[in-house]
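Report on the structure given below.
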There are 4 protein chains.
Amino acid sequence: MTLTPSAAPAPKSFGSDNHAGTHPAVLRALGEANRGDATAYGDDPWTARATAQLAEEFGASGVFFVFNGTAANVLGISLMLRPYEAVVCAEGAHLNVDECGAAERIVGCKLLTAATPDGKLTPQLVTDRLGGRGDEHRVQPRAVAITQVTEVGTCYTLEELRRLGEFCRANELLLYMDGARLANAAAFLGCSLADLAASIDVLSFGGTKNGAMGAEALIVMNPSLAATAVFQRKQQMQLASKMRYLAAQFSALLEDRLWLRNAEHANAMARRLADGVTGVPGVQLHQPVESNGVFAALDPELIETLQREWTFGVWDDREHVVRWMTAFDTTEDDVDAFVSGIRAAAGAITA
Amino acid sequence: MTLTPSAAPAPKSFGSDNHAGTHPAVLRALGEANRGDATAYGDDPWTARATAQLAEEFGASGVFFVFNGTAANVLGISLMLRPYEAVVCAEGAHLNVDECGAAERIVGCKLLTAATPDGKLTPQLVTDRLGGRGDEHRVQPRAVAITQVTEVGTCYTLEELRRLGEFCRANELLLYMDGARLANAAAFLGCSLADLAASIDVLSFGGTKNGAMGAEALIVMNPSLAATAVFQRKQQMQLASKMRYLAAQFSALLEDRLWLRNAEHANAMARRLADGVTGVPGVQLHQPVESNGVFAALDPELIETLQREWTFGVWDDREHVVRWMTAFDTTEDDVDAFVSGIRAAAGAITA
Amino acid sequence: MTLTPSAAPAPKSFGSDNHAGTHPAVLRALGEANRGDATAYGDDPWTARATAQLAEEFGASGVFFVFNGTAANVLGISLMLRPYEAVVCAEGAHLNVDECGAAERIVGCKLLTAATPDGKLTPQLVTDRLGGRGDEHRVQPRAVAITQVTEVGTCYTLEELRRLGEFCRANELLLYMDGARLANAAAFLGCSLADLAASIDVLSFGGTKNGAMGAEALIVMNPSLAATAVFQRKQQMQLASKMRYLAAQFSALLEDRLWLRNAEHANAMARRLADGVTGVPGVQLHQPVESNGVFAALDPELIETLQREWTFGVWDDREHVVRWMTAFDTTEDDVDAFVSGIRAAAGAITA
Amino acid sequence: MTLTPSAAPAPKSFGSDNHAGTHPAVLRALGEANRGDATAYGDDPWTARATAQLAEEFGASGVFFVFNGTAANVLGISLMLRPYEAVVCAEGAHLNVDECGAAERIVGCKLLTAATPDGKLTPQLVTDRLGGRGDEHRVQPRAVAITQVTEVGTCYTLEELRRLGEFCRANELLLYMDGARLANAAAFLGCSLADLAASIDVLSFGGTKNGAMGAEALIVMNPSLAATAVFQRKQQMQLASKMRYLAAQFSALLEDRLWLRNAEHANAMARRLADGVTGVPGVQLHQPVESNGVFAALDPELIETLQREWTFGVWDDREHVVRWMTAFDTTEDDVDAFVSGIRAAAGAITA
């Protein structure tokens, strides 16, 4: 699927929040950062500022900008593990499914997966993967990796995070959180980024899906884990030479809580979409809508019809579950047009 | 060193070509690419266009955008090697010295280094590192990695490249070229990018030091080496989700050969600087000036004096060699002011 | 559990076939190989002889001795994969569970596991893990790894192997077979080693569990996969300097088909044990007995009672499944004594 | 070169101390260990005994048996390093030259080499490789690896070891010692194994070149480094299932200090050989003889003549340096015959 920029405007994509472009304020910030020289590799005032802002926002020990979400995840678990140690994560975790084996190659570790329909790990699910501790034949579970918002659009509550953190500390496990859509979780839960990070050792804070051009931050909460980060970031090919341009994106998102407004808006659009299709024949919500994604089981014929005109992905081929994502730039009109399209197509099929 | 953006303008940095900002045309192109949706991960018209442009410019089999120069180098040699195979490179190669062991960790291979005062490898220098072929106890040399422009500012001539390529083919070696400053080589040699790549299997083409915000291209010339690139790029955490913003930078640089004009200008500024300091007491050119860098041996006292006011690095502590880099945005006035400063400081010392 | 060598003889262990010692003929062969000098690293007549014998026995392209089963598995899949490629294997595969993440660290690859109660993979189970081929975000399945005899004592029939091989070839997958107990499979199926290897690309042939002191052979059937083996073996720290002592063990096992007699005997002892406990209350065979292992679900109280006197392991804590292994040196009296012990303990519990 | 075992006895090899077979006492110990069952993977009395013996001999925190010297080196440095950290070692170190890049692949680290004609590192040579500490672009030197006896047959004095250890502690470096021929160093220096290990964090103690069939011990002196060893050993494919047979070899070597007698004898034979060729025209000793190796520069024609009848290797092609190794089983007659051969050949050439 390619949308030619010169063509008549295609309908808004519901395929991914990274189909969206860059928020104008971020683009503006890039222009403003384009003033003369700046020392390379982060020794510049933009990086200093964004780092300080994020450290304060999260109450963090260390902040490290990287290029994409896969890198944030891999670098994050690199800070925690030796190769014979393992990460417990959800079977559907981005880390496990969508990173082309980066963790295995770069960290050399095994991922111990747990099936979980709502994308969330629980102390019980983690416990089930802790077998073999102390046995030299077995990888040694050392970290738990969760995703907030999960890959299926659900959110851990603060209480769930707290319990998981407590469980980890009680079991000598470190807790990593993939926050590619952390802003959307904060918006849904109505809490601060610090609240979300309170029980976490290391997490990522995603800029890209929130309106950045391409920038992620690795946030180290546990002070004992920050020491190796700058070296591992470089070794993992994530050190930007003109780093001011990563940092400036974050400062733009933090200015007047743009990150939160973007996330609130995207969440509201998903809510509007979910409400709009509720009761439509052949459409069944598959997950609670707790962020900017709507997961729905569709009549297969409906999928086929809709994909002729609209851009979105099939999440689960067997159960005919589709994923509809909204972004900071999805408008009410975009949603309403899509809802109309869905209703019309559903009507045509059932007719 | 940090240059506060709000302060009275600091003198132009001669510390690195990545202290410079982004060329206005590149910034403009980013704004123009910010039109509505685009499919993520490179399935978009900007990526298609820049890929086609670069493929034509080089006569390449494959073009793959990555985030930085270290990544281009590591991904490039990943296409060529199994872990027990080795890369012959210059002792001072960026790959060897400045990438925090990325090749060893990510590719798992050994680098076999050769000392070379002018930064260039020759068939003889490579031959000296080919010992042990066929011996299972020894790593097996499989690739040669060169840098064009070299780390000390010199350029391989087309004839030197041709001979090295011939040598490699005759010896079952693949030839990789780190082209972080390839534009400057083309400008110096007065040749095309295709000319530079003619004997090469895989190379990088650097955008960042040429005026991009942050974008490098891996160019695969040897068609048998392209097949694994997309998977290895993802696994090596180099797949940009909003890839249009990497691609658009390259299209901007290719438009009306901006890349060449930027490089020619930077080279001319280095030439002007070198000419300006010729004959100054306490200043001795250390390498021929064949690109946008001036390497000079300085009286240690002069280094100390100059660094109080000017930004540049000491390349070699023992021989008191400094590196002065120019960029697309270095002006004649910048150079002349620096030359005056050098002359004044030199005069004060010798007085 | 430690059996002091000077104590009154402990009852025969049913804990593992590697609790057994070395077959006297193997020990004798080591003595015979201890004649004067031999060139190191395999350039010796013992290695030449054992290599030729195994190559003929299997119809193999390459034979490479290594130290243990984990190494054979890891080296084997190293011959087949690049790091972004993946291996489909059973969830309970030794490669996945019992090798402390060696494949992930050494090969850098992901294992895609399939749940299978009888330890066997089928074309259908493999098919279920082939999702995402061609998608750069996903690891690319490239090899299938099976175990013959499986970890739960079952054997693939020759027809099952043939079908799996056909399936792999039709789907561009390579087929690896962990043959740590391959001799027991040959004994059970009444077939040759070549029959077992006919559909396989690379396999291991285990000496250690068959009466060797410690020696495994990696057998490369697919001639296109042998070229990197000697280098990867060395790099993976598996090149024995006095290799004659690995080779001589294999020659001893091959002499008059000692390997087959050892396996037939161990299998018969398992059969005898299974027959002896059939119908005993609190004992339920859990897997068909197709090799030298008996897997049985036991009354938990019975497990506890028996383990006070006998050495064996619990395979599955939740289902109270135990694993009883026999070896080349397990005698009928050993089995009968164990059966009596089981019957007595079971009687005491049910009484 | 292959010596057929059935042929008329070839002359003793001076090619390597691992051309020798197994000492009869070691072979006997293997037979004695072959008594009934023993729990696998080292939970057996032989392993307990040899471990305790070595721990006492060295004053060690941990003792871990592995299969070969490459494995001991790689496992040893694995205990000390994260991948972005580096090892300083001699250019000619076995770790660097003869292990097919195992350190790079398995540990992922870079080796920083220093040229040293006598095979020994000094604080100054190490200091020269410590550049870039704290600089994220550079690998971070964290360990120093030395070899005792060095690859060219020389020994560090206890005072040299003490000074190097002090230097390492003062510079936050860990000190690893490859002791493939440690016994020969103890014999030459007239000191205990504990003396040799006093300044060392982790070292190997080689059995194989001392008369074992194939067994090396990794000795961890620094108690903070032992914790990960059992897991890394397994993950690095070095856990022997029938470990009693590795352990028993060491107990045999430790019995009545057989290891020392073997080493003293081999050293004496090298001394005898060196004395025998002193003054022979065309033969020039190249290194002091401090162990069981004689390194001599020879007239090229002499090398050619001698290699027709005798087994030995050329160490340095350019300088025509040969390496003559003696072993525990080299006899005075073997040496005298070789000396006669050398004298005769030299005479024929000069005549």
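The values are calculated or read from the model by the stated rules, or taken from the named source; none is laboratory data. It should be emphasised that the depicted structure is a prediction, and the values quoted were computed from it without experimental measurement. Using ideal geometry, Cβ is built from the backbone for each residue, glycine included, and neighbour counts are taken over all protein chains shown. SASA here: full protein model, heavy atoms, side chains in, ligands and nucleic acids out. Shrake-Rupley method; radii C 1.70, N 1.55, O 1.52, S 1.80 Å.
Listing for the model above:
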| quantity | calculated |
| --- | --- |
| Selection within the range D:172-201 - more than 14 Å from the chain's Cα centre (by Cα) and in a strand (DSSP E or B) | D:L174, D:L175 |
| Check on B:A52, within 20 Å of A:T330 (Cα to Cα), modelled with pLDDT of 95 or more and either open to solvent by 50 Å² or more (accessible area, probe 1.4 Å) or facing chain A (nearest Cβ under 9 Å) (or both) | no |
| Any hit, the range A:135-146, residues being part of a strand (DSSP E or B) and open to solvent by 30 Å² or more (accessible area, probe 1.4 Å) | yes |
| Selection count, the range C:168-211, where residues are of a type in the set (D, E) and in contact (Cβ under 8 Å) with a residue 40 or more places away in the chain | 2 |
| Residues satisfying the stated conditions in the range B:30-65, i.e. in contact with a Lys or Arg (Cβ under 7 Å, 6 or more places away or on another chain) and of a type in the set (F, W, Y) | B:W46, B:F64 |
| Residue count, the range B:189-213 (criterion: under 26 Å from B:R244 (Cβ atoms), in contact with a Lys or Arg (Cβ under 8 Å, 6 or more places away or on another chain) and open to solvent by 20 Å² or more (accessible area, probe 1.4 Å)) | 1 |
| Filter result for B:D17 (open to solvent by less than 50 Å² (accessible area, probe 1.4 Å) and modelled with pLDDT of 95 or more) | yes |
| Extreme residue, nearest to D:T228 (Cα to Cα), among residues of the range A:74-100 that are open to solvent by less than 10 Å² (accessible area, probe 1.4 Å) and within 9 Å of another protein chain (Cβ to nearest Cβ) | A:A86 |
| Those residues of the range C:274-298 which are in contact (Cβ under 8 Å) with a residue 40 or more places away in the chain and surrounded by fewer than 18 Cβ atoms within 10 Å (Cβ to Cβ), in sequence order | C:P281, C:P288 |
| Selection within the range A:102-119 - part of a loop (DSSP other than H, G, I, E, B), touching a strand residue (DSSP E or B) at 6+ places or on another chain (Cβ under 7 Å) and away from chain C (no Cβ under 12 Å) | A:T116, A:G119 |
| Residues satisfying the stated conditions in the range D:221-240, i.e. surrounded by 21 or more Cβ atoms within 10 Å (Cβ to Cβ) and closer than 29 Å to C:G21 by Cα | D:A229, D:F231, D:Q232, D:R233, D:K234, D:Q235, D:Q236, D:M237, D:Q238, D:L239, D:A240 |
| The range B:17-29: number of residues that are within 8 Å of chain A (Cβ to nearest Cβ) and in contact with a Lys or Arg (Cβ under 9 Å, 6 or more places away or on another chain) | 5 |
| Within the range C:20-30, tally of residues that are open to solvent by less than 30 Å² (accessible area, probe 1.4 Å) and not in a loop (DSSP other than H, G, I, E, B) | 4 |
| Looking only at the range D:31-44, and only at residues there that are crowded, with 24+ Cβ neighbours inside 10 Å and facing another protein chain (nearest Cβ under 7 Å), the one that is farthest from D:A212 (Cα to Cα) | D:D37 |
| Residues located in the range C:63-73, provided they are within 13 Å of another protein chain (Cβ to nearest Cβ), of a type outside the set (F, W, Y) and touching a strand residue (DSSP E or B) at 6+ places or on another chain (Cβ under 8 Å) | C:V66, C:N68, C:G69, C:A71, C:A72, C:N73 |
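To keep it simple, each residue is scored yes or no on (1) within 16 Å of C:Y84 (Cα to Cα); (2) of a type outside the set (A, V, I, L, M); (3) touching a residue at least 24 places away in the same chain (Cβ under 8 Å).
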site	(1), (2), (3)
C:K120	no, yes, yes
C:G131	yes, yes, no
C:V139	yes, no, yes
C:I146	no, no, yes
C:V149	no, no, yes
